[in-house]
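Structure, as structure tokens:
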Amino acid sequence: MRSFLIRLVPVTLFVVLASFRADQGDNVEFVCMKTHKASNTCHFNFVVDGAKYRYVDMGCKFSKKLDEVVKKAKEGTLFLAREWKIECPQPKEKKTDAGDSTKSF
């Protein structure tokens, strides 16, 4: 029984550690940044594989270094928490009406 446990522990550790991936890669999409002036925090919203993630910057150190925050998020060195605390306005889709081009005034 003891030899079985000795073999099982390294295999289990390998499986658990191999399942985590630090590098986010190309699936990280920056959505928006909102500044909360009362608490002096900046909220950066990201979408990773369709799930919403946020990074809260205390003191807004990265507010002018947006490209650095996105780079760190893609590298996986930035801690991203689940769900957005402050929602971003969704971009409005432009409506294209084919009927407008045929109207004469």
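Taken together, the values in this text are just the output of simple stated rules run on the coordinates, not laboratory data. Fair warning: this is a prediction, and the values are worked out from it, not measured in the lab. Cβ: placed from backbone, ideal geometry, glycine included. Neighbour counts: every protein chain shown.
With only the Cα atoms considered, the stretch 27-87 has a convex hull volume of 75 Å³ per residue. Taking 0.36 nm per residue of separation and subtracting the Cα-Cα distance, full extension of the segment from N40 to E87 would add 15.2 nm.
Of the cross-linked pairs K52/K72; K37/K71; K37/K72, those separated by over 21 Å at the C-alpha level are K37/K71; K37/K72.
Each Lys or Arg adds one and each Asp or Glu takes one away; over the other residues whose Cβ falls under 13 Å from the Cβ of T41, this sums to +4. Ranking G59, V47, T77 by how far each Cα lies toward the positive end of the dipole of the stretch 27-87 (charges on Cβ) leaves G59 at the top.
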